[in-house]
């Protein structure tokens, strides 16, 4: 043996991923303190070596497509490693999927958001969990289909395998919207839906889809051109009675990250679908589904930031250089504190949006209006910040961070997806402007929220006024869309931190993100800020 291994951080294990002050404070504020025991239970499980290994293995052994069986019969099945199923069982068992829709307690959707955040051991399996959550409000546009499938979608049992949905203990749902020629422009879709004679509400679906994730799901929402225009349909993988619906898999996507989640190109070869909502109103029918999945993009980005921060802080705490621990080196403290600010702002905004979502689905019109604009803006901005946070956290580990032996490489590869999914940057920014133009009550609700922090910091008050001035002119507004939406998102975060975060956190955020006394890289916080309280809130939950 040539040397002794010294000065290496131990594995980050045995911690509680839910031990995040911003998360726990938000849980109490947003009517979900009752969920604290289960959130911590899931957080402690996520910190175990077993759960961490499930996440790593599910990504390292990606799904495999089997188009035909050994006899040459068409099967169109995807095989997953057992670790993937352990992840899914845990997520469904803890109600991270559609369970809140069957829970009448105030804060049920907030509790689910907190658990989704804490269970961040693998981003890939979160995709079908998120889609199953999001499908329920869209499905309710057809009360008969909702009555038939919602109890199985909300049940806390993961029952994998292609069978008649009516014979299963629980269901997983997906979505199948975009096509080669249109992408986010779903009105350019060419897939057709023809009514089936003698079967009211049933259609024959023919066409292709460019991205269909989690293709082994039991049900899919899809968009197709019906006689009355672009419409929404529910397609089962297996028809009542047990016959396979002719949904053909062409290939699985070879993605940058998100490897544990199969994403496929498919063809509908005369598949049966049931109309959800009215013909010609497909986009309107799926709007609520998009709201839910966009919220999950924010949750996933905030969770990824927190995971990256905790990994970087753990390393700095246990690694020494130039005579003392990295965490004691002034410049490293600046970097970690800056990352902690970004993480806390994202988490605080996420929990406020989860609360708005919970109240909106229960009929609160004002909270629904706030959600409409603040969610679109936050989805744009927080999901853009995620890759930058992951890259800087990775750099804290030096060369180790760039290797696949350490989890930061996986976190880094996952983060860009959340900016792409449910509308990439331009789509999200333009959607926020659309909300302002078509639903002015959403802007009113946003400024009512902003006013709650007025007078606490002059830089914040100035930022609100600058934003109002930016919105007085609609000349070149599409060209300025990203600028405006970023301002909305940062003002939203700053207002929440001024109201709820420790003074040191709010002061540092306003001094940098609002006053622009801040460099283009992390670790450029100005002198004079109190970094100790910020770093304390970034500590892992041992």
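Between 374, 435, the distinction of being more than 30 Å from residue 331 (Cα to Cα), part of a helix (DSSP H, G or I) and at pLDDT below 95 belongs to 435 only. Within the range 448-466, can one find any residue that is in contact with a helix residue (DSSP H, G or I) (Cβ under 6 Å, 6 or more places away or on another chain) and modelled with pLDDT under 95? Within the range 448-466, not a single residue is in contact with a helix residue (DSSP H, G or I) (Cβ under 6 Å, 6 or more places away or on another chain) and modelled with pLDDT under 95.
Would you call residue 393 under 30 Å from residue 502 (Cβ atoms) and assigned to a helix (DSSP H, G or I)?
Details: under 30 Å from residue 502 (Cβ atoms): yes; assigned to a helix (DSSP H, G or I): yes.
Spelling it out, residue 393 is indeed under 30 Å from residue 502 (Cβ atoms) and assigned to a helix (DSSP H, G or I).
What do you reckon, is residue 506 in contact with a helix residue (DSSP H, G or I) (Cβ under 6 Å, 6 or more places away or on another chain), under 30 Å from residue 328 (Cα atoms) and assigned to a helix (DSSP H, G or I)? When the stated conditions are applied, residue 506 passes them.
Please go through the range 321-340 and pick out each residue that is touching a strand residue (DSSP E or B) at 6+ places or on another chain (Cβ under 8 Å) and assigned to a loop (DSSP other than H, G, I, E, B). First the steps, then the outcome.
So the first thing to find is which residues in the range 321-340 are touching a strand residue (DSSP E or B) at 6+ places or on another chain (Cβ under 8 Å), and the list is 326, 329.
Correct list: 329 only.
Do we find that residue 356 is surrounded by fewer than 24 Cβ atoms within 10 Å (Cβ to Cβ), assigned to a helix (DSSP H, G or I) and modelled with pLDDT of 95 or more in this structure? No; evaluated as a whole, the condition is false for this residue.
Within the range 249-258, the set of residues being in a loop (DSSP other than H, G, I, E, B) and either touching a strand residue (DSSP E or B) at 6+ places or on another chain (Cβ under 8 Å) or buried (at least 21 other Cβ atoms within 10 Å of the Cβ) (or both) comprises 253, 255, 258. Restricting 198, 183, 228, 207 to residues that are in contact (Cβ under 8 Å) with a residue 40 or more places away in the chain and either under 26 Å from the mean Cα position of the chain (by Cα) or surrounded by fewer than 18 Cβ atoms within 10 Å (Cβ to Cβ) (or both) narrows the list to 228.
On inspection, residue 283 fails the criterion of being in contact with a helix residue (DSSP H, G or I) (Cβ under 7 Å, 6 or more places away or on another chain), modelled with pLDDT of 95 or more and under 30 Å from residue 245 (Cα atoms).
Scanning the range 431-477 for residues that are more than 30 Å from the chain's Cα centre (by Cα) and closer than 30 Å to residue 185 by Cα, we see that the one that is surrounded by the most Cβ atoms within 10 Å (Cβ to Cβ) is 474.
Determine if the range 269-285 includes at least one residue that is assigned to a helix (DSSP H, G or I) and more than 22 Å from the chain's Cα centre (by Cα). First the steps, then the outcome.
At the first step, the residues of the range 269-285 found to be assigned to a helix (DSSP H, G or I) are 282-285.
Add one more test, that the residue is more than 22 Å from the chain's Cα centre (by Cα), and what stays is 282.
Yes: the range 269-285 contains one or more residues that are assigned to a helix (DSSP H, G or I) and more than 22 Å from the chain's Cα centre (by Cα).
Of all residues in the range 484-506, those that are within 20 Å of residue 373 (Cα to Cα) have Cβ atoms under 8 Å from Cβ atoms of residues that are at pLDDT below 95 and not in a helix (DSSP H, G or I), 6 or more apart or on another chain, in 484/471; 484/477.
The values are calculated or read from the model by the stated rules, or taken from the named source; none is laboratory data. Worth saying up front: this structure is predicted, and the values here are computed from it rather than measured. Note: ideal-geometry Cβ built from the backbone for every residue, glycine included; neighbour counts use all protein chains shown.
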